[in-house]
């Protein structure tokens with residue numbers, strides 16, 4: 001039997017005190033222990049981006065990070081960003097442009113797109129959008145609609161017409 005490790009972290013603005021298995025990855029902890037199922041489990045190798053979350057403001061792959069590594073950290077999931085309204089404009093643009101189909105990659109895409117839009121001063125080019133989203137794998141859309149949606153929000157946030 002493995003000894004559990006005590007962790008204290010903030011998830012979507014709320015303090016969480018828990019005991020976790022030493023080798024439990026972050027996405028499994030979020031899904032199984034906290035019932036935050038917006039971050040998906042895809043490849044479990046950090047390649048697909050389905051498990052994307054934000055830890056202390058940085059996008060990470062939840063399948064590659066252990067829950068114990070987040071002790072004392074601030075973790076944000078798609079549920080937290082959605083509830084706060086931080087990605088409402090991106091969500092609307094994804095819907096309007098049919099940038100989501102099965103929805104499996106959408107939470108990771110939204111988190112990654114939000115990161116890009118927060119870090120760039122000017123609206124990023126379509127090439128910059130594609131490059132930034134390149135670590136998130138989508139099997140359904142062909143990416144064109146996703147890039148369209150992110151570009152539209154980037155321009156709108158700059159006060160420009162898409």
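The values are calculated or read from the model by the stated rules, or taken from the named source; none is laboratory data. Quick caveat, the model's predicted, so the values are computed rather than measured. Note: ideal-geometry Cβ built from the backbone for every residue, glycine included; neighbour counts use all protein chains shown.
Count of the stretch 31-43 residues, restricted to those that are touching a strand residue (DSSP E or B) at 6+ places or on another chain (Cβ under 8 Å) and surrounded by fewer than 19 Cβ atoms within 10 Å (Cβ to Cβ), is 2. When you look at residue 28, is it buried (at least 20 other Cβ atoms within 10 Å of the Cβ) and at pLDDT 95 or above, yes or no? The answer is yes for residue 28. Is at least one residue of the stretch 78-86 at pLDDT 95 or above, under 30 Å from residue 35 (Cβ atoms) and out of contact with any helix residue (DSSP H, G or I) (no Cβ under 7 Å at 6 or more places or on another chain)? Yes; the residues of the stretch 78-86 include at least one that is at pLDDT 95 or above, under 30 Å from residue 35 (Cβ atoms) and out of contact with any helix residue (DSSP H, G or I) (no Cβ under 7 Å at 6 or more places or on another chain). Residue count for the stretch 100-112, restricted to those that are farther than 17 Å from residue 156 by Cα and either buried (at least 24 other Cβ atoms within 10 Å of the Cβ) or modelled with pLDDT of 95 or more (or both): 7.
Does the stretch 113-121 contain any residue that is in a helix (DSSP H, G or I), surrounded by 16 or more Cβ atoms within 10 Å (Cβ to Cβ) and touching a strand residue (DSSP E or B) at 6+ places or on another chain (Cβ under 6 Å)? Yes - at least one qualifying residue is present in the stretch 113-121.
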